[in-house]
1. So for each of 40-53, 13-26 I average, over its residues, the number of other beta carbons within 10 Å; can you give me the resulting order with the highest mean first?
2. For His80 and Ser35, what does the FRET efficiency come to when R0 = 30 Å and r is the distance between their Cβ atoms, rounded to the nearest 0.05?
3. Multiply the residue gap between Arg26 and Leu14 by 0.36 nm, knock off their C-alpha separation, and tell me the result in nm, one decimal place.
Amino acid sequence: MFDPEYPDSRAPELQVALVRRAVDQRDADRERCLSCRRTPLVGERVYLDEQGQLHCELCRALEPDLLLHSQIVHGPEFGHTMRLTDHRAA
């Protein structure tokens, strides 16, 4: 479909290649479950085995004896937020 305001509305090949590379790099940095390759959600409990490999809550149910240590998945803002406390006299 031709749009007169945007004569070349197709994305240039370079733009598509750059976006694809950025998505691939972002996916490579994420931790994934060793069994199902799913990226755990923020707030989800994950489990680490002796080698430090990550297993999600869903895969833990399939092999409950394999896993040793658990932790909660934190979002990117973890450690960068402030907690307000009330110091007024009670």
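A short reminder: the numbers here are calculations on the coordinates, not readings from a lab. Only a predicted model underlies this, so the values are computations on that prediction, with no experimental measurement involved. No Cβ is skipped: glycine too gets one built from the backbone with ideal geometry, and neighbour counts run over all protein chains shown.
1. Values: 40-53: 12.9, 13-26: 9.8.
Sorting 40-53, 13-26 by mean packing, highest first, produces 40-53, 13-26.
2. Details: r = 31 Å, r/R0 = 1.04.
That pair, His80 with Ser35, gives E of 0.45.
3. Details: separation 12, 0.36 × 12 = 4.32 nm, distance 1.84 nm.
Extending this stretch completely gives an extra 2.5 nm.
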